[in-house]
Structure formats: structure tokens, C-alpha cells
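The values are calculated or read from the model by the stated rules, or taken from the named source; none is laboratory data. Keep in mind the model is a prediction, meaning the values are calculated, not measured. Counting neighbours? That spans all protein chains shown, and the Cβs are built from the backbone with ideal geometry, glycine included. These area figures cover heavy atoms from the full protein model, side chains too; ligands, DNA and RNA do not enter into them. Shrake-Rupley method; radii C 1.70, N 1.55, O 1.52, S 1.80 Å.
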Amino acid sequence: MRVKIIFIVIMSIILFLSIAYSEQNFGAENIILEGGESGEVPFPHKMHQDTLKDCNICHELFGQEIGSIEQLKVEDRLKAKQIMNTQCLKCHRDTKKAGEASGPISCAACHTK
Ligand code: HEC
Ligand code: HEC
Ligand code: HEC
């Protein structure tokens with residue numbers, strides 16, 4: 001009896017964890033970000049998820065929805081270029097300096113017209 005109950009409890013936990021994991025929404029693989037007068041910024045989202053692992057490195061400042069950065073700018077809760085400067089550029093510069101794999105730093109490498 002006892003063994004059966006323990007077995008059922010363990011199976012329930014495994015089932016719960018696998019549902020919770022499969023239901024996590026990772027969002028689009030690639031996202032086009034609004035880049036103002038400098039032009040749109042194609043952003044390889046999945047590549048960053050795979051490389052960085054931690055969602056909050058970026059999402060501590062904005063939500064997991066398309067358009068959330070622009071919405072926060074409209075509401076004056078984010079400054080223009082704040083994400084670009086404090087996240088994208090900062091990390092690409094830091095990783096480059098450390099001699100690690102890094103992303104673009106020049107305007108035209110991110111912004112497309
Ligand atoms: C390097 C930065 C970065 C990391 C790391 C990151 N994201 Fe995102 N994510 C973004 C950006 C930028 C957007 C688009 C926001 C916008 O449109 O304003 C976004 C949008 C999203 C969306 C909405 C996109 C859609 O297609 O509906 C979801 C969901 C999401 N992220 C989930 C995650 C999860 C889960 C992780 C961690 C596994 C993660 N993100 C890691 C930058 C990141
Ligand atoms: C690593 C990619 C990247 C690089 C390099 C980059 N940008 Fe951006 N830029 C972005 C992203 C993402 C946004 C949108 C988020 C934000 O405003 O923080 C943006 C936004 C902007 C905006 C619009 C701000 C607004 O709210 O209207 C301007 C203007 C801009 N960038 C100019 C530049 C210039 C000039 C350079 C070169 C000196 C540059 N960017 C380099 C990614 C980049
Ligand atoms: C915490 C670090 C970090 C942040 C934040 C970050 N990146 Fe990156 N990015 C990387 C790394 C590392 C690579 C190189 C990955 C590789 O080559 O495996 C990269 C590569 C890229 C590339 C090149 C992709 C390719 O195909 O070569 C682009 C474009 C890019 N990032 C745009 C952005 C934009 C736009 C943002 C902000 C919304 C951003 N990144 C935020 C670390 C970061």
C-alpha cells in the first residue's frame with residue numbers, strides 16, 4: 001500500500017513538471033524590434049536564449065510580449081535606447097572585451113533600413 005502511494009506521488013510530480021516545462025512559452029525564434037529613425041533591428045531571440053540560458057538577463061526590464069519595449073517607452077517607463085545601451089550593446093562590448101563570442105556593436109550591423 002505504502003509503496004503504491006509513494007509511486008503515485010512520484011508519478012504525479014513527474015507529470016506536473018513535464019506539463020509545466022512544455023507549457024513555458026519561449027516566444028518567436030526571431031523578432032523584428034522597432035529601431036526608430038535608424039531602422040528596424042532583426043533580433044535572433046532563440047539564439048540568445050540558447051546562449052544565455054537566463055531569461056531575466058533581458059526580461060527583468062520588459063515583459064515577454066511582442067511590443068512590450070515600445071509600450072514601456074510610450075509610458076515613459078523606459079528611455080529611448082535604454083535597452084539598446086544597457087542590454088544589447090553593453091553585453092556585446094563586455095563579451096568582446098573578454099574575448100568571448102559576441103554580437104554586433106556598429107549601428108548598421110543591428111539596424112537595417
Ligand atoms: C537577449 C535578450 C533576451 C533573452 C535572454 C530572452 N528574451 Fe524573450 N524577448 C526579448 C525581446 C527583445 C523580445 C521582444 C520584446 C518587444 O517586442 O518589445 C522578447 C519577447 C519574448 C516573448 C514574446 C514573443 C512572442 O513571439 O510572443 C516571449 C514569450 C519571450 N520573449 C520569452 C522568453 C523566454 C522564456 C526566455 C528565456 C528562455 C527569453 N525570452 C529570453 C529578449 C530576450
Ligand atoms: C546590438 C544592436 C544595436 C546596435 C549596435 C545599435 N542599436 Fe540602436 N537600437 C537597438 C534596439 C534593440 C533598439 C530598440 C530598443 C531601445 O530603444 O532601446 C534600438 C533603438 C535605437 C533608436 C530608437 C530609439 C527610440 O526610442 O526612438 C535609435 C535612434 C538608435 N537605436 C540608434 C542607434 C545608433 C545611432 C547606433 C550606432 C551608434 C545604434 N543604434 C546601434 C539595437 C542596436
Ligand atoms: C547578456 C548578453 C547579451 C545581450 C543582453 C544581448 N546579446 Fe546579442 N549576442 C550575445 C552573444 C554572446 C552573441 C554571439 C552568440 C554566438 O555567436 O554564439 C550575440 C549575437 C547577436 C547577434 C548576431 C547574430 C548572428 O547571427 O551572428 C545579433 C544581431 C544580436 N546579438 C543582437 C542583439 C540585440 C538586438 C540585443 C538586445 C535586444 C542583444 N543582442 C542582447 C550576447 C548578448
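Quick notes on this structure:
- Pair list, Cβ under 6 Å, 6 or more apart: segment 101-113 residue open to solvent by less than 60 Å² (accessible area, probe 1.4 Å), other residue part of a loop (DSSP other than H, G, I, E, B) and near ligand 2 (Cβ under 6 Å from one of its atoms): C110/P104; H111/G35
- From the options F16, F26, F43, residue that is out of contact with any Ser or Thr (no Cβ under 6 Å at 6 or more places or on another chain) and either part of a helix (DSSP H, G or I) or in contact (Cβ under 8 Å) with a residue 24 or more places away in the chain (or both): F16
- Pick from segment 68-82, criterion within 11 Å of ligand 1 (Cβ to nearest atom) and in contact (Cβ under 8 Å) with a residue 24 or more places away in the chain, ranking: least open to solvent (accessible area, probe 1.4 Å): I69
- Complete set of residues in segment 87-113 that are part of a helix (DSSP H, G or I) and within 15 Å of ligand 1 (Cβ to nearest atom): Q87, C88, L89, K90, C91, H92, R93, D94, T95, C110
- Residue among E29, E40, E34 that is loosely packed, with under 14 Cβ neighbours inside 10 Å and in contact with an Asp or Glu (Cβ under 8 Å, 6 or more places away or on another chain): E34
- Output for segment 50-67, where each listed residue is within 9 Å of ligand 1 (Cβ to nearest atom) and open to solvent by 50 Å² or more (accessible area, probe 1.4 Å): D50, T51, L52, K53, D54, C55, N56, I57, Q64, E65, I66
- Residues of segment 1-60 that turn out to be out of contact with any helix residue (DSSP H, G or I) (no Cβ under 7 Å at 6 or more places or on another chain), under 19 Å from T86 (Cβ atoms) and among the β-branched types (V, I, T), as a count: 2
- Checking each residue in segment 12-46 for being among the aliphatic types (A, V, I, L, M) and modelled with pLDDT of 85 or more picks out A28, I31, I32, L33, V41.
- Scanning segment 62-86 for residues that are within 10 Å of ligand 3 (Cβ to nearest atom) and touching a Leu at 6+ places or on another chain (Cβ under 7 Å) gives F62, I69, I83.
- Residues being among the aliphatic types (A, V, I, L, M) and closer than 24 Å to A108 by Cβ are entirely absent from segment 8-15.
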